[in-house]
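Working notes for the structure below.
The values are calculated or read from the model by the stated rules, or taken from the named source; none is laboratory data. On a predicted model such as this, the values are computed, not experimentally measured, just so you know. Backbone-built Cβ (ideal geometry, glycine too); neighbour counts: all protein chains shown.
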């Protein structure tokens with residue numbers, strides 16, 4: 001995923017969290033429990049790329 005605008009918190013398996021800011025990228029296995037929260041004051045815009053061959 002690539003964050004274009006805003007601030008995003010990614011929580012993986014309710015154990016680890018990562019805060020992303022505009023311009024940051026992040027990769028993880030989608031079979032993990034995960035959730036995302038907009039932690040900024042405005043909109044959060046991001047792109048997600050899913051590779052079915054992985």
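Annotations for the structure displayed:
- Single residue of 11, 50 found to be out of contact with any strand residue (DSSP E or B) (no Cβ under 6 Å at 6 or more places or on another chain) and either assigned to a loop (DSSP other than H, G, I, E, B) or surrounded by 12 or more Cβ atoms within 10 Å (Cβ to Cβ) (or both): 50
- Criterion: part of a strand (DSSP E or B) and without any contact (Cβ under 8 Å) to a residue 40 or more places away in the chain - qualifying residue of 30, 20: 20
- Number of the exception - residue 19 against (1) at pLDDT below 95; (2) surrounded by 11 or more Cβ atoms within 10 Å (Cβ to Cβ): (1)
- Filter result for the condition that a residue is without any contact (Cβ under 8 Å) to a residue 60 or more places away in the chain, surrounded by 14 or more Cβ atoms within 10 Å (Cβ to Cβ) and at positive phi, over 40, 6: 6
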